[in-house]
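Heads up: the structure comes next, in structure tokens.
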Amino acid sequence: MKICELRNKYYSKKENIKLSENLKQNTLLQASESIKSCKLSILSKDVFERNISFGKENSDNSKDMSFESFKDWSDRTAFVTRVKDIADISGKILGSGFEGSTFEIPDSDKWVIKKYNRADIIPVSLSETEIVKVEDISPELNIGQCIARINIPCGKNYSSVYYILKRQTGKSYGVPFSSSDEINEVNVNIHLKSLKSLSEMPQEAFDKCISDIAYITERNYEIDCCNPYNFLIDEDRKSINFVDIIDRYNKESTQFGEVLFALLDGMFAINLEKNPSFTDEKIESALYSDKIISKYLKAMKKANVAFNEGKYFNKILSSKLLDRVLNGKSTDEKLQRLKGLGLFEA
């Protein structure tokens, strides 16, 4: 299905989704005719037993976040004179990773600053700071992309340490990749809270997530799925948002498996699974994960898209994360179930 058709399908009139009363709490996803017609069985009937109301569209979509708008705002607020103070001294950090850290701009809800980890950059003069336009890789969709860079004279060369990104909404998701092997009470609680929040999202949020993934990959970009922190869950707007979009490394990957890995807080979940402690928490994690997987697979089926081979998708297959939903234990058994559903392509 072409991406334009997929997006048109998503934005068409919303259907009311109901499950029959006879669905039981532990109904497993079966390769039946009802599944083939996109009527996927859901583990908990209360997930869809109401008419879905997705709520208002993300209000950020109506904001002008373009470079021209930022440049005009920057000139009016003397932003360039405050860059270092925001990013180095007084700014509120929104997230950090291997490449750098992202900071809130106090008087703007449209953009954020990302400072890259370049220890060799020592600004010489802020008075010569230059704001340079960066091509918007996704004008139609806010994926936290860069729209400008701040060039600051550093000795003989201009170097870009600070970048301006479109602001995304929502809370950081899951346990950071760097802490995924630290199975302790604090991280287990973060893991469970994240999964619960996502599992309670309406089906439409997952439908749009699948549509957005397809849109991003068609434009030869991908989401960095190694770290679940690159996903933001907006409970108010009922949306799943992305940050840290990179050039598409594997042109063959559909990314659907990689994203599912991140949305299951995959690395931490797999490590938790191996840990002899936290028995009750493992059961709770499994319940939330099953709901997420079921909604995710339903969205993929509706969009007529499929998984394919991938590093993190293979980790999911070899773990127990898909066992209950696909009613299989071995990797081959689960793969055959997905093929039967039309959800895996070689």
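I want to confirm something. Restricting to region 326-346 and keeping residues that are closer than 23 Å to E284 by Cβ and touching a residue at least 60 places away in the same chain (Cβ under 8 Å), which single residue is surrounded by the most Cβ atoms within 10 Å (Cβ to Cβ)?
Among those residues, the one meeting the criterion is L326.
Applying the selection to region 167-215, what residues are among the β-branched types (V, I, T) and surrounded by fewer than 21 Cβ atoms within 10 Å (Cβ to Cβ)?
T169, I183, V186, I190
Quick one: is G155 more than 24 Å from the chain's Cα centre (by Cα), on the phi > 0 side of the Ramachandran plot and at pLDDT below 85? Step through it out loud before you land on a result.
Numbers: more than 24 Å from the chain's Cα centre (by Cα): yes; on the phi > 0 side of the Ramachandran plot: yes; at pLDDT below 85: yes.
So G155 passes the test.
In the set V161, V124, which member is crowded, with 20+ Cβ neighbours inside 10 Å and either modelled with pLDDT of 70 or more or not assigned by TED's automatic domain parsing to the domain that holds I245 (or both)?
One residue alone meets the criteria, V161.
Say whether the condition of being aliphatic (A, V, I, L, M), under 14 Å from D212 (Cβ atoms) and without any contact (Cβ under 8 Å) to a residue 60 or more places away in the chain is met by at least one residue in region 243-255.
No, there is no match, as no residue in region 243-255 is aliphatic (A, V, I, L, M), under 14 Å from D212 (Cβ atoms) and without any contact (Cβ under 8 Å) to a residue 60 or more places away in the chain.
Here's the yes/no breakdown for (1) touching a residue at least 12 places away in the same chain (Cβ under 8 Å); (2) more than 23 Å from V175 (Cβ to Cβ); (3) not charged (D, E, K, R):
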residue	(1), (2), (3)
A214	yes, yes, yes
A262	yes, no, yes
A269	yes, no, yes
T279	no, no, yes
K291	yes, no, no
N308	yes, yes, yes
Y312	yes, no, yes
R324	yes, no, no
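Return the only residue of L260, L297 being assigned to a helix (DSSP H, G or I), more than 12 Å from the chain's Cα centre (by Cα), crowded, with 20+ Cβ neighbours inside 10 Å and not small (G, A, S).
The match here is L297.
Restricting to region 220-240, and then to whatever is touching a strand residue (DSSP E or B) at 6+ places or on another chain (Cβ under 8 Å), of a type in the set (D, E) and in a loop (DSSP other than H, G, I, E, B), can you tell me which residue is nearest to S253 (Cα to Cα)?
Taking the candidates together, the pick is D224.
So I150 fits all but one of (1) among the β-branched types (V, I, T); (2) modelled with pLDDT under 95; (3) not in a strand (DSSP E or B); what number is the exception?
Condition (3) is where I150 drops out.
Which residues, counting only those in region 171-183, are modelled with pLDDT under 90 and outside any strand (DSSP E or B)?
Matches in region 171-183: P176, F177, S178.
I'm trying to understand the selection: among the residues of region 294-306, which are touching a residue at least 60 places away in the same chain (Cβ under 8 Å) and of a type in the set (A, V, I, L, M, F, W, C)? Full working, then the answer.
Of region 294-306, the ones touching a residue at least 60 places away in the same chain (Cβ under 8 Å) are 294-305.
Within region 294-306, L297, A299, M300, A303, V305 qualify.
The values are calculated or read from the model by the stated rules, or taken from the named source; none is laboratory data. Since we're looking at a predicted model, the values are computed, not measured. Positions of Cβ are generated from backbone atoms using ideal geometry, with glycine treated the same way; all protein chains shown enter the neighbour counts.
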